[in-house]
Amino acid sequence: MLKGKHLIGPRDFTLEELDEILNLAHLIIENPKEYSKVCEGKLLAALFYEPSTRTRLSFEAAMHRLGGSVIGFSEANSSSTAKGETLEDTIEVVSNYSDIIAIRHPESGTAERAKKHSSVPIINAGDGSNEHPTQTLTDLLTIKLLKGSFNNNVIALCGDLKFGRTVHSLIKAMSRYENNKFILISPNELKLPDYIKKEFLIENNIEFIETTSLEEGLKHADILYMTRVQGERFEKYEEYLSLRDSYILNREKLNLAKEDMIVMHPLPRVNEIQTDVDDDPRASYFRQAKYGMYVRMALIAKLLGCV
Amino acid sequence: MLKGKHLIGPRDFTLEELDEILNLAHLIIENPKEYSKVCEGKLLAALFYEPSTRTRLSFEAAMHRLGGSVIGFSEANSSSTAKGETLEDTIEVVSNYSDIIAIRHPESGTAERAKKHSSVPIINAGDGSNEHPTQTLTDLLTIKLLKGSFNNNVIALCGDLKFGRTVHSLIKAMSRYENNKFILISPNELKLPDYIKKEFLIENNIEFIETTSLEEGLKHADILYMTRVQGERFEKYEEYLSLRDSYILNREKLNLAKEDMIVMHPLPRVNEIQTDVDDDPRASYFRQAKYGMYVRMALIAKLLGCV
Amino acid sequence: MLKGKHLIGPRDFTLEELDEILNLAHLIIENPKEYSKVCEGKLLAALFYEPSTRTRLSFEAAMHRLGGSVIGFSEANSSSTAKGETLEDTIEVVSNYSDIIAIRHPESGTAERAKKHSSVPIINAGDGSNEHPTQTLTDLLTIKLLKGSFNNNVIALCGDLKFGRTVHSLIKAMSRYENNKFILISPNELKLPDYIKKEFLIENNIEFIETTSLEEGLKHADILYMTRVQGERFEKYEEYLSLRDSYILNREKLNLAKEDMIVMHPLPRVNEIQTDVDDDPRASYFRQAKYGMYVRMALIAKLLGCV
């Protein structure tokens, strides 16, 4: 039973609960009309203390497509915090107005704090980093729909593996399934932290290799998950300049990949995937964004107990 | 008949009209589903020329919970005023788009000006001060539901009684009922203005006492209405520092109060009520906020003639 | 068939398609209830990269009055562009969330660019100037409803005819109909550009006269379309000061006009129409704004194929 639960971290749900949501998302995609009124009369509060248009629009679209309504704000300065109100008080009040809350906040731990003062389900739409559990749900749904299974995949992760929370969450999520292999592609400065390798890969006997070469890394991949390499992560900016092009995916590099590989990206992208890749059938990031809306529909409907 | 009326000032409605709204709010609370579509097809324009998240969300939630829709803005700078349009012209246009307008504006008298150019009901959501009539409706509904009657109450008002418009409105509203007594708790610098004492208390033969002590004042109260004491109201800041703690309600002081007293606050609070009070059954400010949504539902439905 | 089409420029539609939209708008005005649910379950994305409250509220009201829902933003800074995302990527994503997109952007050509990356209809709500095709639709509906015909009108255009795109679009639109005459009223500095005279008036054998006098110009007009004369358009500011009052319509000047002339204005006005004109039955600009909502309802319903 997911009804009434919160979603704060990407591992809050059991594999069965995840399945429940992903399966519902799949059903909604196949027959959206059947679900277009299941949340009629319900109200989502989208509390965005920092701008994140895509995530906000995705949540709002999800609620509308379930027949529900939305209130909220898209930036902190039009919120009561300007008057010195605590987050806790805002949540106490807003959970009296609404049936479910999606919260985005620049400070880590905010969603957890909110949960304690809410009489309705809280969904963490990102706090303190780019990670948020609905991104992970989105990634899982994309893999489920485009690769067919969470097992037996070779997953290449490319870019900033040190600070990229999206990537960390995906590794943690996929490490719960069977017989996956990871190819970790990054500059030496931005390698995956040891604790993640240890706790999630080594302890689970999951195979992985590390490489600095995107060309090498993508050759055997079933899934290529791209993220941005940001200059400010490097001690020496010249070092960044010397290698940044190596982590840009273009059509030429894509030619080295398997025919049925999929390219994922959490978006927004800047230039780490060249637009000449967009027309390739393997480019899956826009579909991924679309699935993000559907998985949020499933999540909201489940937490509200409407389905 | 409230249909088509405006609500500009807290005393615009007769006692009978107030009763009509408060009774409807009560009915909605008891059976929200029955009212969840009464305003279907109706459109509220929420024109917030200054940010006031709680009030805005409360109005928007109210309209959605009646099955209606909302358009609007939450800050002046995304409005046409940036292009030099007068308020009057904006109202002429927006009242052609919508069925009812809630307006919030930093300048006194704005709602009255708006009324003259609107073909649909105008609700004043605050102009030029923190007072607004829907706050008074909220306060009245809270007293009705938690104390059972508008008569025979001992009402303690604490904090800034000089500038606090919420408090002024409440005194004016409650002075229309019978056998209430007031305890006015404030620093000497922030006492209730003489004209209010005279016009609303003395002329109506309403008993009141004044005190500077919260401990003394709350002992016999049925209702304790807290407001903030702001440093900038004092000529000498040291004076403020020396007495501010006296006007902070905490659990210790609350122990002196009657078992069935209720603590009200218009919110947002800063620190004038300590959070250790929140769990006390007498703490009523979050319920008060919730009632605010329901009373706005009743108000909107009545002015639109949907109920 | 308008279903699935985009509306980027004011001349994108044939006369027949225009008729289809204007006729539907007329039907909606006469029986709004019948259309109040035709777009139920549909989602409009209102992407306003620059504030334009009236236009945005008009689109949003239109969608709600058709039973649809709205997502979007009202200013660029709360959009993903802050994170460096291209317009093209935003459109790819948002067209996956929504059923139709209205876009407003300060740069010319944006709507055309958006169209190429959208899987749903794009409506240009203004890009790079004050012109936008739904304003032209609004103007046409106003003429249709208040003058009865697009033929045989004497149309006086007053103000900044050099830079005023609204006026250019209206001339282009009306030049497609028969037996209209134009009176072009402007200071010498702000005369209608030669290419428009040539291409749309002279080549179509349409009669026109030019004058610098509003009093002279409005005498024989059936329609007077006012626009603002802005000081910054003049090389010498004193020149502007010496003549600006000549282009302000007041009741005195209106007395010279025909009894059944209509005064139009795209709004917002500053002072180019004095408020003493508002009560005159010929003042049609607020009705024009209202018609703007209805014509957008018709446009959205047609492009979505809901009617």
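The values are calculated or read from the model by the stated rules, or taken from the named source; none is laboratory data. Please read these numbers as outputs of a predicted model, since none were measured by experiment. No Cβ is skipped: glycine too gets one built from the backbone with ideal geometry, and neighbour counts run over all protein chains shown.
Within the stretch B:44-76, restricting attention to residues that are part of a helix (DSSP H, G or I) and hydroxyl-bearing (Ser, Thr, Tyr), which residue is farthest from the other protein chains (Cβ to nearest Cβ)?
Going residue by residue through the stretch B:44-76, those that are part of a helix (DSSP H, G or I) are B:53-65, B:76.
Subset that is hydroxyl-bearing (Ser, Thr, Tyr): B:53, B:55, B:58.
On the way: B:Thr53: 5, B:Thr55: 9, B:Ser58: 6 Å.
Applying the filter and picking the extreme gives B:Thr55.
Within the stretch B:98-109, how many residues turn out to be of a type in the set (S, T, N, Q) and either modelled with pLDDT of 95 or more or part of a strand (DSSP E or B) (or both)? Steps first, please.
Restricting attention to the stretch B:98-109, the residues satisfying the condition of being of a type in the set (S, T, N, Q) are B:98, B:108.
Filter once more, keeping what is either modelled with pLDDT of 95 or more or part of a strand (DSSP E or B) (or both): B:98.
Qualifying residue count for the region: 1.
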Legend entry - Evaluation of C:Ala125 against (1) modelled with pLDDT of 95 or more; (2) within 17 Å of the chain's Cα centre (by Cα); (3) in a helix (DSSP H, G or I); (4) not basic (Lys, Arg) (one fails), failing number: (3)
Inset, instruction - Report whether or not C:Leu43 is within 21 Å of the chain's Cα centre (by Cα) and either modelled with pLDDT of 95 or more or within 19 Å of A:Arg56 (Cβ to Cβ) (or both). - result: no
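Does the stretch A:290-304 contain any residue that is of a type in the set (A, V, I, L, M, F, W, C), crowded, with 19+ Cβ neighbours inside 10 Å, modelled with pLDDT of 95 or more and touching a Pro at 6+ places or on another chain (Cβ under 8 Å)? First the steps, then the outcome.
Here is the first cut: in the stretch A:290-304, the ones of a type in the set (A, V, I, L, M, F, W, C) are A:293, A:295, A:297-301, A:303-304.
From what's left, crowded, with 19+ Cβ neighbours inside 10 Å: A:293, A:295, A:297-301, A:303-304.
Imposing the further condition that a residue be modelled with pLDDT of 95 or more reduces the set to A:293, A:295, A:297-301, A:303-304.
Then keep just the ones that are touching a Pro at 6+ places or on another chain (Cβ under 8 Å); that gives A:303-304.
There is at least one residue in the stretch A:290-304 that is of a type in the set (A, V, I, L, M, F, W, C), crowded, with 19+ Cβ neighbours inside 10 Å, modelled with pLDDT of 95 or more and touching a Pro at 6+ places or on another chain (Cβ under 8 Å).
Going by the structure shown, is A:Ala257 among the aliphatic types (A, V, I, L, M), touching a strand residue (DSSP E or B) at 6+ places or on another chain (Cβ under 8 Å) and within 27 Å of A:Ser58 (Cβ to Cβ)?
On the way: among the aliphatic types (A, V, I, L, M): yes; touching a strand residue (DSSP E or B) at 6+ places or on another chain (Cβ under 8 Å): yes; within 27 Å of A:Ser58 (Cβ to Cβ): no.
No, not satisfied.
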Legend entry - Meets criteria (farther than 28 Å from B:Val307 by Cβ and either modelled with pLDDT under 95 or within 19 Å of the chain's Cα centre (by Cα) (or both)) for B:Ser79: yes
Inset, instruction - Name the single residue, out of those in the stretch C:25-43 being in contact (Cβ under 8 Å) with a residue 12 or more places away in the chain and within 10 Å of another protein chain (Cβ to nearest Cβ), that is nearest to C:Leu140 (Cα to Cα). - result: C:Pro32
Legend entry - Pick from the stretch A:13-67, criterion farther than 30 Å from C:Gly84 by Cβ and basic (Lys, Arg), ranking: surrounded by the most Cβ atoms within 10 Å (Cβ to Cβ): A:Lys42
Legend entry - All positions within the stretch A:94-129 that are closer than 18 Å to A:Arg54 by Cβ and among the hydrophobic types (A, V, I, L, M, F, W, C): A:Ala102, A:Ile103, A:Ile123, A:Ala125
Legend entry - Test result for B:Ile91, farther than 30 Å from B:Ser213 by Cβ and not in a helix (DSSP H, G or I): no
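For A:Arg165, state whether it is at pLDDT below 95, closer than 22 Å to A:Leu18 by Cα and under 20 Å from the mean Cα position of the chain (by Cα).
On the way: at pLDDT below 95: yes; closer than 22 Å to A:Leu18 by Cα: yes; under 20 Å from the mean Cα position of the chain (by Cα): yes.
Considered against the rule, which asks whether it is at pLDDT below 95, closer than 22 Å to A:Leu18 by Cα and under 20 Å from the mean Cα position of the chain (by Cα), A:Arg165 comes out as yes.
Select from the stretch B:267-286 the residues that are assigned to a helix (DSSP H, G or I) and in contact with a strand residue (DSSP E or B) (Cβ under 9 Å, 6 or more places away or on another chain) and write down the one among them that is farthest from the other protein chains (Cβ to nearest Cβ).
Of the stretch B:267-286, the ones assigned to a helix (DSSP H, G or I) are B:275-277, B:285-286.
Those left that are additionally in contact with a strand residue (DSSP E or B) (Cβ under 9 Å, 6 or more places away or on another chain): B:277, B:285.
Numbers: B:Val277: 12, B:Tyr285: 9 Å.
Looking at residues that are assigned to a helix (DSSP H, G or I) and in contact with a strand residue (DSSP E or B) (Cβ under 9 Å, 6 or more places away or on another chain), I get B:Val277.
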